[in-house]
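Written out below as structure tokens is the structure these notes cover.
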Amino acid sequence: MCGIVGVSAASPANQLIYDSLLLLQHRGQDSTGIATDDGGSFHFVKTRGQVREAYRTRDMRSLLGNVGLGHVRYATRGSAASEQEAQPFYVNAPYGITLVHNGNLTNTRELTADLFHVDRRHLNSDSDTELLVNVLANELQAQISGLELDPDQVFTAVRRVHERVEGSYAAIAVIAGKGLLAFRDPFGIRPLTLGRRSADQLPGVNRDEWIVASESLVLESNEYEVVGDIAPGEAVFITADGEMHRRQCAEHPRLVPCSFEYVYLARPDSTMSGISVYDARLRLGDRLARSVERYTPLGDIDVVMPIPDSARPSAMQLAQRLGIRYREGFYKNRYVGRTFIMPGQAVRRRSVKQKLNALGTEFRGKNVLIVDDSIVRGTTSAQIVEMARAAGARKVTFASAAPPVRYAHVYGINMPSRGELIAHGRRIPEIAREIGADHLIYQEVEDMRDAILEGSDLDDLEMSCFTGEYVTGTVTPEYLAWVEANQRS
């Protein structure tokens, strides 16, 4: 998972991009990068680590220009340790293009071969983002004949990208001296939202200002009007003078956003595909309460406690529905990153106890229902149950607001291997024993789907990690076996 932002403004873009990346930090902490365009000259800063520690004053001063983009990353392909694979990626022709990407391409082997044998393009990393920027550059090169670039040429190039590329991709690119381009895969799996500040609201400015970002909170926090999501398959091109053009570039687009955005990844104060993330999590708690009533004797539960922060809305709603006291028993060290998106199991194990502390007075002698947003590898869950018992809990029931994660996720979330997933090949009582819980309750798949979609115009979600059904239709058993053999989280 990654967070991306692009800006086309009437004044320097560097501070706005930096501020936006701080708001998207929850989406990745491996590395970060910013690129700006100063009248056709690119300026880059890319480094490992988090935003607040990554950029110095001298870096910000070097990022000249009113157009630019930024990225926060956690690795789903390539190496988390490689600074070379930090985004943005750059190619020098045509014009010069720099690009950031959130998602995961699933035909990387075919694209790599085609780029070398047909397009004669050199790749310098294992990153699928480098593949994507080279495919875009190649298709754009094929459309132009002179120095000028018009929106029709850009949209034709994006249409060809959709024809060649498979998987999930929300992408933002800057074409040097020409403008800002944003586009989204034909299923809209990964999010992308467009915002505007109108020229009549900007004293002394005669053009609109634009921002594109992974989550709507970025737009709202920076006082941009939310124009709306970029549609699946759609491309938006903003010229150097701030004129916005948009066009559908896919043959058969269909909006099927990733369910894990609502369960875990997105901030609760964001809205995606017209659905409030916070409201969706409240509804997940409502549905989960029904399963708790069905499978657990309520006399065995004295208090309901969330794992902060993403499980809090679901836990509050569950407690209210069941009429059980809600308590905060785990306290979070906010200076440790999210364990699910930390690379490597050893780092995850070490970070859980650095991240959470159990308050003994809330656990001692009580039967506790702990609510988490999901259970992926089980490492964190087992340590949390152990902490609750060490703090004096008499019984520990564990509930997941998401269904069992049994299958690899290949669309941009770091779950490449079924062998790493605690629910793969295990029944729920076996999983309960693995994590040390007295009882374990999962959300039903249909309950999760209905909770997220309730009240919206959407009719489907990308739920492959729960169901094993891959929405793009191009993910084969052979590909999944190759991913497991070649990628480790």
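The values are calculated or read from the model by the stated rules, or taken from the named source; none is laboratory data. Predicted model, so just to flag it, every value in this text is computed and none were measured. Here the Cβ is made from the backbone with ideal geometry for all residues, glycine too, and neighbour counts use every protein chain on show. Each accessible area value is taken on the protein alone, full model and side chains, heavy atoms only, with ligands, DNA and RNA left out. Shrake-Rupley method; radii C 1.70, N 1.55, O 1.52, S 1.80 Å.
Filter segment 434-446 down to the residues that are assigned to a helix (DSSP H, G or I) and open to solvent by 30 Å² or more (accessible area, probe 1.4 Å), then identify the one that is farthest from Glu420 (Cα to Cα).
Quick first cut of segment 434-446, residues assigned to a helix (DSSP H, G or I) only: 434-435, 445-446.
Then drop every residue that is not open to solvent by 30 Å² or more (accessible area, probe 1.4 Å), which leaves 434, 445-446.
Values: Glu434: 13, Val445: 21, Glu446: 24 Å.
Across segment 434-446, the extreme among qualifying residues is Glu446.
Can you tell which of Phe187, Phe183 is surrounded by 24 or more Cβ atoms within 10 Å (Cβ to Cβ), in contact (Cβ under 8 Å) with a residue 40 or more places away in the chain, assigned to a strand (DSSP E or B) and of a type in the set (Phe, Trp, Tyr)? Talk me through it step by step, then tell me what you get.
Numbers: Phe187 fails: assigned to a strand (DSSP E or B).
One residue alone meets the criteria, Phe183.
Could you please give the count of residues in segment 31-66 that are open to solvent by less than 20 Å² (accessible area, probe 1.4 Å) and in contact (Cβ under 8 Å) with a residue 24 or more places away in the chain?
Total meeting the criteria: 11.
Look at Gly233 and say whether it is under 17 Å from Pro186 (Cβ atoms) and open to solvent by less than 30 Å² (accessible area, probe 1.4 Å).
Values: under 17 Å from Pro186 (Cβ atoms): yes; open to solvent by less than 30 Å² (accessible area, probe 1.4 Å): yes.
Taking the combined requirement at face value, the residue satisfies it.
Looking at Ala399, Ala393, Ala382, Ala388, which is the one that is closer than 18 Å to Pro306 by Cβ and assigned to a loop (DSSP other than H, G, I, E, B)?
Numbers: Ala399 fails: assigned to a loop (DSSP other than H, G, I, E, B); Ala382 fails: assigned to a loop (DSSP other than H, G, I, E, B); Ala388 fails: assigned to a loop (DSSP other than H, G, I, E, B).
Sole residue among the options that is closer than 18 Å to Pro306 by Cβ and assigned to a loop (DSSP other than H, G, I, E, B): Ala393.
Filter segment 355-379 down to the residues that are over 21 Å from Arg427 (Cα atoms) and outside any strand (DSSP E or B) and list them by number.
Taking segment 355-379 first, the residues over 21 Å from Arg427 (Cα atoms) are 355-368.
The answer is Lys355, Leu359, Gly360, Thr361, Glu362, Phe363, Arg364, Gly365, Lys366.
Just one of Tyr479, Tyr407 is aromatic (Phe, Trp, Tyr) and assigned to a loop (DSSP other than H, G, I, E, B); which is it?
Details: Tyr479 fails: assigned to a loop (DSSP other than H, G, I, E, B).
So the residue among Tyr479, Tyr407 that is aromatic (Phe, Trp, Tyr) and assigned to a loop (DSSP other than H, G, I, E, B) is Tyr407.
Report yes if some residue within segment 167-187 is under 21 Å from Gly228 (Cα atoms) and among the charged types (D, E, K, R); otherwise report no. Spell out the reasoning first.
Within segment 167-187, the subset under 21 Å from Gly228 (Cα atoms) is 168-174, 179-187.
Those left that are additionally among the charged types (D, E, K, R): 184-185.
Scanning segment 167-187, I find at least one residue that is under 21 Å from Gly228 (Cα atoms) and among the charged types (D, E, K, R), so the answer is yes.
Against the condition under 19 Å from Asp438 (Cα atoms) and either surrounded by fewer than 14 Cβ atoms within 10 Å (Cβ to Cβ) or within 22 Å of the chain's Cα centre (by Cα) (or both), how does Gly299 come out, does it pass?
Working: under 19 Å from Asp438 (Cα atoms): yes; either surrounded by fewer than 14 Cβ atoms within 10 Å (Cβ to Cβ) or within 22 Å of the chain's Cα centre (by Cα) (or both): yes.
Judged against the criteria, Gly299 is a match.
Rundown of residues vs (1) under 19 Å from Gly96 (Cβ atoms); (2) modelled with pLDDT under 95; (3) surrounded by fewer than 24 Cβ atoms within 10 Å (Cβ to Cβ), yes/no style:
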{"residue": "Ala173", "(1), (2), (3)": "yes, no, no"}
{"residue": "Thr193", "(1), (2), (3)": "no, no, no"}
{"residue": "Val218", "(1), (2), (3)": "no, no, no"}
{"residue": "Glu225", "(1), (2), (3)": "no, no, yes"}
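Condition test on Asp119, is it surrounded by fewer than 24 Cβ atoms within 10 Å (Cβ to Cβ) and not in a loop (DSSP other than H, G, I, E, B)? Can you show your working first?
Values: surrounded by fewer than 24 Cβ atoms within 10 Å (Cβ to Cβ): yes; not in a loop (DSSP other than H, G, I, E, B): no.
No: the conditions fail for Asp119.
Scan segment 462-470 and give yes if some residue there is open to solvent by 70 Å² or more (accessible area, probe 1.4 Å) and either assigned to a strand (DSSP E or B) or farther than 30 Å from Thr271 by Cα (or both), otherwise no. Quick ask: steps written out before the conclusion?
Kept after step one, since they are open to solvent by 70 Å² or more (accessible area, probe 1.4 Å), are these residues of segment 462-470: 469.
From what's left, either assigned to a strand (DSSP E or B) or farther than 30 Å from Thr271 by Cα (or both): none.
No, there is no match, as no residue in segment 462-470 is open to solvent by 70 Å² or more (accessible area, probe 1.4 Å) and either assigned to a strand (DSSP E or B) or farther than 30 Å from Thr271 by Cα (or both).
Only one of Gly419, Gly473, Gly468 is out of contact with any strand residue (DSSP E or B) (no Cβ under 8 Å at 6 or more places or on another chain), at positive phi and either of a type in the set (A, V, I, L, M) or touching a residue at least 40 places away in the same chain (Cβ under 8 Å) (or both); which? It would help to see each step written out before you state the result.
Working: Gly419 fails: at positive phi; Gly473 fails: either of a type in the set (A, V, I, L, M) or touching a residue at least 40 places away in the same chain (Cβ under 8 Å) (or both).
It is Gly468.
I'd like the residue in segment 135-157 that is free of Cβ contacts under 8 Å to residues at least 12 places away in the same chain and in a loop (DSSP other than H, G, I, E, B) and, out of all such residues, is surrounded by the fewest Cβ atoms within 10 Å (Cβ to Cβ). Before you say what the answer is, go through the steps one by one.
Start the filter on segment 135-157 by keeping residues that are free of Cβ contacts under 8 Å to residues at least 12 places away in the same chain, which leaves 145-148, 150, 152.
So of that shortlist, the ones also in a loop (DSSP other than H, G, I, E, B) come out as 145-148, 150.
Numbers: Ser145: 7, Gly146: 5, Leu147: 9, Glu148: 8, Asp150: 13.
In this case the residue turns out to be Gly146.
Any residue in segment 302-328 that's open to solvent by 40 Å² or more (accessible area, probe 1.4 Å): show its pairings with residues that are modelled with pLDDT under 95 at Cβ separation under 6 Å, as long as the two are six or more apart or on different chains.
Arg327/Glu362
Filter segment 91-116 down to residues that are free of Cβ contacts under 8 Å to residues at least 60 places away in the same chain and in a helix (DSSP H, G or I) and give me whichever is surrounded by the fewest Cβ atoms within 10 Å (Cβ to Cβ).
Only one residue tops the list, namely Ala113.
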